[in-house]
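The block underneath contains the structure these notes are about, expressed in structure tokens.
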Amino acid sequence: MDACSQLIENTPPGARSAAGWQWPSREQLIYYRDLLAVLVAKEFKVRYKSTVIGYAWSLMHPLAFALVFFVLFKIVMRFDLPAYSLFLIGGLFPWHWISNTVTSANFAFLGNSSLIKKVRFHRATLVLASVLNELVHFAISIPIVVGFMIYYGRYPTVSWFWWLPALVVMQFAMTFGLALLIATVNLFFRDLERLSTIIMHLLFYVTPVIYPYEKLPPNFRWVLMADPFAPLVLCWQGLFYRGSVPGEFAALAALWALVCCLVGYRVYQALVWRFAEIV
Amino acid sequence: MSSDPAIQFRHVTKEYHVENAVLGGLKNLVLHLPTQIRAMRARKPFCALQDLSLEIAQGESLSVIGRNGAGKSTLLGLIAGVLRPSAGTVVTRGRICPLLELGAGFHADLTGRENIVLNGILLGLTRREVLARLDEIIDFSGLAQFVDRPLRTYSSGMTARLGFSVAVHLSPNILLVDEALAVGDLEFQQKCLARMQQFRSDAVTMVFVSHDMESVARVSDRVAWMDGGRLREIGPPQQVIEHYHAFVHPTVAAA
């Protein structure tokens, strides 16, 4: 590769370069594929130092939560919902994907300050890697959910072929946008991390993860529209528990995913050139 | 082609907006909104570089000296392309490789070998390129017997050796070094200096920021003395260092 011909003009933000927008070259595509792969592999190796135990650990958290709510609502409060444990884990695994992404997003840029200060690369790669990592975790927890389904005599249907990828794509887009937003804003307002922890905690109870949405009093139904995670969680519960995905909620989830993606990317794009100054 | 300078600063100004509102966090911003907005309106940017023009030829090694806050690291950041100028243009030709701080771009739980691959890719090589150099890097670091152990078992000297070994094998056209020359033991330092000499004969452009005048004099063709965001003097190492010393020492004596 003739690196000497690599001419870079560093100009003030806002000034358009003479060359204008260019498609990434083949070398660049290979490079960013490698960068993503090595970043995801890093997280993965660190998390699963010894494979079998590591896998069990990553499932333990949502399963422990499911157990707590099962005891609380099914045994203590005598909540009457058939196959309640399946209902719980069908909502809790997707929820953990969301909340883990939000938590790790706080440090996606902040935790790589020395790289951001010195090396030039697309910073969004760091966020993309952490979101991809959580996606992998979610994917390997799907067999557990299916196991619970089979225990209750329910089986994946043909519609899984399109609904599963569609929901994964929607959730991926939504978490990526959110993570980009949080990772960026947390560089400028360092206390966002505390705030986002509290908000996620509140949203966990607002979102119908541990109770069916029909239990919401009618004058509280608007919450399902206002909470970005509610439609998505309802879709997952539809897939894993009810047997069919509600179309209107899927459309709403897609809309929210688009909004999150656009807002996250715009904020990132507007502030990315200042990262090295502020980090 | 080779007559073009490797790095060119054309009337570059860099200002930083120091935002107290932001530094205080979200809570502070919301609780003291009116005061914070007034403060933001009244803010004055801090000028780190002022109308700087500078050319660094291909294969030249330049050292930048000056007091803290003189704009040295800003200069490096602009070359690396991580900072954007407020005005003017910085043109660079060729692959730029910064030397990272101790342990940056490494992960303590990965082995030395895995860290070499991670670090090499973070610094701009593709996976294939890193793997092609892997043996050479391990050999240069002299850590062959530790390379499959996790990095957390390494001493800081060993970590620094690993980082330096990766950086010098990236075949950069422009190498940026920010106060990081003295790594490892004497033997490794000799190795590094030999490598620097080889870089010089390979026409690699190098920019050092350092407070160690002895190594500055040894490795550079020219020295730039920065003061208050301006280039105060640029020229042969001995001369500039002498003037710098003469400038600094009276103030030290007076204090």
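Points to keep in mind about this one:
- Residue in the range A:48-56 that is closer than 23 Å to A:Thr125 by Cα and either modelled with pLDDT of 90 or more or more than 10 Å from every other protein chain (Cβ to nearest Cβ) (or both) present: yes
- Filter pass, A:Leu181 being in contact (Cβ under 8 Å) with a residue 12 or more places away in the chain and either within 18 Å of the chain's Cα centre (by Cα) or surrounded by 17 or more Cβ atoms within 10 Å (Cβ to Cβ) (or both): yes
- Count - residues of the range B:141-158 that are β-branched (Val, Ile, Thr) and out of contact with any Gly (no Cβ under 7 Å at 6 or more places or on another chain): 1
- Note on the range A:1-26: residues that are surrounded by 10 or more Cβ atoms within 10 Å (Cβ to Cβ), within 11 Å of another protein chain (Cβ to nearest Cβ) and at pLDDT 70 or above amount to 8.
- Those residues of the range B:230-244 which are within 23 Å of the chain's Cα centre (by Cα), assigned to a helix (DSSP H, G or I) and over 15 Å from B:Arg218 (Cβ atoms), in sequence order: B:Tyr244
- Residue match in the range A:118-128 (condition: in contact with a strand residue (DSSP E or B) (Cβ under 9 Å, 6 or more places away or on another chain), assigned to a helix (DSSP H, G or I) and not polar (S, T, N, Q)): yes
- Test set (1) part of a helix (DSSP H, G or I); (2) of a type outside the set (Lys, Arg); (3) under 30 Å from B:Glu242 (Cβ atoms) - B:Val12 fails condition number: (1)
- Of the residues making up the range B:21-43, none is buried (at least 17 other Cβ atoms within 10 Å of the Cβ), touching a Ser or Thr at 6+ places or on another chain (Cβ under 7 Å) and within 11 Å of chain A (Cβ to nearest Cβ).
- Residue pairs meeting the criteria (Cβ under 8 Å; at least 6 apart or on separate chains; first touching a residue at least 12 places away in the same chain (Cβ under 8 Å), in the range A:197-208; second charged (D, E, K, R) and part of a helix (DSSP H, G or I)): A:Pro208/A:Lys215
- Under the condition of being at pLDDT below 80 and either surrounded by 17 or more Cβ atoms within 10 Å (Cβ to Cβ) or in contact with a strand residue (DSSP E or B) (Cβ under 7 Å, 6 or more places away or on another chain) (or both), the residues counted in the range B:1-20 number 1.
- Residues of the range A:143-168 that turn out to be in contact (Cβ under 8 Å) with a residue 12 or more places away in the chain and surrounded by 12 or more Cβ atoms within 10 Å (Cβ to Cβ), as a count: 13
- Any pair with Cβ under 8 angstrom, 6 or more apart, that starts in the range A:223-239 at a residue that is in contact (Cβ under 8 Å) with a residue 12 or more places away in the chain and surrounded by fewer than 24 Cβ atoms within 10 Å (Cβ to Cβ) and ends at one that is of a type in the set (Val, Ile, Thr) and in a helix (DSSP H, G or I): A:Val223/A:Val206; A:Asp227/A:Val206; A:Pro228/A:Val259; A:Ala230/A:Val206; A:Ala230/A:Val223
- Residues satisfying the stated conditions in the range B:55-71, i.e. at negative phi, surrounded by fewer than 19 Cβ atoms within 10 Å (Cβ to Cβ) and modelled with pLDDT of 90 or more: B:Glu55, B:Ala57
- Listed by position, the helices (runs of 4 or more DSSP H) inside the range B:72-168 whose residues that are in contact (Cβ under 8 Å) with a residue 12 or more places away in the chain, at the interface with chain A (Cβ under 9 Å from one of its Cβ atoms) and buried (at least 20 other Cβ atoms within 10 Å of the Cβ) number at least 2 are B:72-80, B:112-122.
- Boolean, A:Ala108 is small (Gly, Ala, Ser), in contact (Cβ under 8 Å) with a residue 12 or more places away in the chain and either more than 22 Å from A:Tyr265 (Cβ to Cβ) or in a helix (DSSP H, G or I) (or both): no
- Of the residues examined, A:Arg120 is not one that is more than 26 Å from A:Ile150 (Cβ to Cβ), surrounded by fewer than 15 Cβ atoms within 10 Å (Cβ to Cβ) and either of a type in the set (Lys, Arg) or within 11 Å of another protein chain (Cβ to nearest Cβ) (or both).
- Scope the range A:210-242; condition hydrophobic (A, V, I, L, M, F, W, C), within 16 Å of A:Ser85 (Cβ to Cβ) and in a helix (DSSP H, G or I); matching residues: A:Trp236, A:Phe240
- Positions within the range A:179-205 being touching a Leu at 6+ places or on another chain (Cβ under 8 Å), of a type in the set (A, V, I, L, M, F, W, C), within 14 Å of another protein chain (Cβ to nearest Cβ) and assigned to a helix (DSSP H, G or I), in sequence order: A:Ile182, A:Val185, A:Leu187, A:Phe188, A:Leu192, A:Leu195
- Looking only at the range B:209-255, and only at residues there that are of a type in the set (Phe, Trp, Tyr) and at pLDDT 90 or above, the one that is farthest from B:Gly71 (Cα to Cα): B:Tyr244
- Checked against the criteria, A:Phe176 does not count as within 22 Å of A:Leu86 (Cα to Cα), assigned to a helix (DSSP H, G or I), away from chain B (no Cβ under 14 Å) and touching a Ser or Thr at 6+ places or on another chain (Cβ under 9 Å).
- Selection over the range A:27-84 of residues that are part of a helix (DSSP H, G or I) and out of contact with any helix residue (DSSP H, G or I) (no Cβ under 9 Å at 6 or more places or on another chain) gives a count of 15.
- In the range B:56-71, the qualifying residues are those that are of a type in the set (A, V, I, L, M, F, W, C) and outside any strand (DSSP E or B), and the one that is farthest from the other protein chains (Cβ to nearest Cβ) is B:Ala70.
The values are calculated or read from the model by the stated rules, or taken from the named source; none is laboratory data. Quantities reported herein were computed from a predicted structural model and do not represent experimental measurements. Cβ atoms come from the backbone with ideal geometry, glycine included; neighbour counts cover every protein chain shown.
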